[in-house]
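To start, I am sharing the structure in question, which I have written as structure tokens.
Bear in mind these aren't lab numbers, they're just calculated from the coordinates by the rules spelled out. Every value quoted in this text rests on a predicted model; they were computed, and no experiment measured them. Cβ placement follows ideal geometry from the backbone for every residue including glycine, while neighbour counts extend to all protein chains displayed.
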Amino acid sequence: MNSSPFFPACCTPLDAHWPLPTVLPDTVLLSTHFDPSRLLGDDFSRSAIEPPASIQRSVAKRQAEFLAGRLCARAALQQLEGSNVVPAIGEDRAPVWPAHICGSITHSTGRAAAIVANRQHWRGLGMDLENLLNAERAERLAGEILTPAEMQRMAAGPRDQLALLVTLTFSVKESLFKALYPLVQQRFYFEHAEVLDWTTAGHVRLRLLTDLSGEWRNGTQLDAQFAVQDGQLLSLVSVRA
């Protein structure tokens, strides 16, 4: 009888629960919680995941979050199409997916997740997980993350939503970059997109403020979604095929 595949004790069993408001068809999203203090020296080799040199030189926290994210990504690909691929790190630091796959990996304190899909269904997927900022830090960072129009809307909104709004804006713009960069091959930054509106139900509307390609031009609007759980905010931007 074959033994079960090795799974490191530093990670909880993979969770297939969909945490966001709207389930995307033809995608697989898996997550795990990880504890860097439980990472062992042979966890990578026993998990059959080869860490790049930069990860081998890193502290336990960085190693554990990398391992957790790649475990999610490999299992998601296995569930999607039966492959056994671990995305490498590209020169731009982004995961390198098989040519017919789009996907995204994210992690924050103690939690990692990955989402994958076939490009015939989804052209771009960008997912980002952030710890919720406290009000003081949110106010300090707002000017770096928000556009002038976003700052005006924030100032006119409820004071008790400031920290959530700044965290959401940061996260959803990170997700936007992850979703569009593979399509446009051009870097862009916080000032090149803005959140037009959002709802407490987890729906967000974004607009580009720069031309990224012939298709993705200044003024293009996109939908995103988010959810808050256990002090962390998860956001997702998806582009249909």
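How high is the relative contact order of segment 128-240, given as a whole-number percent (alpha carbon pairs under 8 Å, six or more residues apart)?
For segment 128-240, the relative contact order is 28 percent.
Let me ask another. Can you tell me how segment 51-136 classifies by the Cα gyration tensor, rounded, prolate or oblate, using a/c under 1.5 as the rounded cut?
oblate
Let me ask something else about it. Taking Cα atoms, how many degrees apart are the long axis of helix 162-184 and the longest axis of the chain, rounded to 10 and kept between 0 and 90?
70 degrees
Return the long-range amide H neighbours of Thr220 (sequence gap of 5 or more, or a different chain), with a cut-off of under 5 Å between placed amide H atoms.
Sorted by chain and number, the residues that satisfy this are Leu208.
Round to the nearest 0.05 the FRET efficiency obtained for Ala94 and Ala48 when R0 = 22 Å and r is the Cβ-Cβ distance.
0.50
Also: Could you work out the relative contact order of the chain? I mean the mean sequence separation of Cα pairs under 8 Å and 6+ apart, divided by the number of residues, in percent.
18 percent
Further question: For segment 24-111, what's the relative contact order in percent, using C-alpha pairs closer than 8 Å and at least 6 residues apart? It would help to have the intermediate numbers written out before the result.
Values: 84 pairs, mean separation 29.0, N = 88.
In percent, rounded to a whole number, it is 33.
Counting only helical runs of four or more DSSP H residues, what would the 222 nm mean residue ellipticity of the chain come to if each run contributes -39,500 (n - 2.57) and the total is spread over all its residues?
-9500 deg cm²/dmol
Could you work out the local net charge near Glu191, counting Lys and Arg as +1, Asp and Glu as -1, over the other residues with Cβ closer than 12 Å to its Cβ?
Summing Lys/Arg as +1 and Asp/Glu as -1 gives -2.
Where nothing but the Cβ of Lys and Arg (+1) and of Asp and Glu (-1) is charged, how large is the charge dipole of the chain around its Cα centre, in debye to the nearest 20?
220 debye
For segment 78-91, what does the Karplus curve 6.51 cos²θ - 1.76 cosθ + 1.60, with θ = phi - 60°, yield as ³J(HN,Hα) per residue in whole Hz, taken in order and with x for Gly and Pro?
Values per residue, Gly and Pro as x: 4, 5, 6, 8, x, 7, 10, 9, 10, x, 6, 9, x, 4 Hz.
Using a 10 Å cut-off on Cβ atoms, rank the peptides 166-178, 41-53, 195-207 from the highest mean neighbour count down.
Highest to lowest by the protection proxy: 166-178, 195-207, 41-53.
While we're here: Rounded to a whole number of µm²/s, how large is the Stokes-Einstein D of segment 128-240 at 25 °C and 0.890 mPa s, given Rh as the Kirkwood radius over C-alpha pairs?
So the translational diffusion coefficient is about 174 µm²/s.
Another question, then. Please compute the net charge surrounding Leu233, taking Lys and Arg as +1 and Asp and Glu as -1 over other residues with Cβ under 12 Å from its Cβ.
-3
Could you state the angle between the C-alpha long axis of helix 135-145 and the longest principal axis of the C-alpha atoms of the chain, as a value from 0 to 90 degrees rounded to the nearest 10?
The two axes meet at around 80 degrees.
How do Tyr189, Tyr181 line up, fewest other C-beta atoms within 10 Å first?
On the way: Tyr189 9, Tyr181 17.
By the 10 Å Cβ count, ascending, the order reads Tyr189, Tyr181.
Would you mind calculating the gained length between Ala156 and Thr109 on full extension (0.36 nm times residue separation, minus the Cα-Cα distance), in nm to one decimal?
Between Ala156 and Thr109, full extension yields 13.8 nm more.
At 7 Å along Cα-to-Cβ for each site, give me the label-to-label distance between Ala9 and Ala60 in nm.
Label-label distance for Ala9 and Ala60, simple model: 1.2 nm.
Another question about this same structure. Two decimals is fine: what's Rg over Rh for the chain, C-alpha atoms, Kirkwood radius as Rh? Mind showing how you got there, number by number?
On the way: Rg = 18.2 Å, Rh = 18.6 Å.
Ratio of gyration radius to Kirkwood radius for the chain: 0.98.
Now for a different question. Can you sort His192, His107, His33, His17 from fewest to most other Cβ atoms within 10 Å of each residue's own Cβ?
Values: His192 18, His107 23, His33 15, His17 7.
If I rank by nearby Cβ atoms, fewest first, I get His17, His33, His192, His107.
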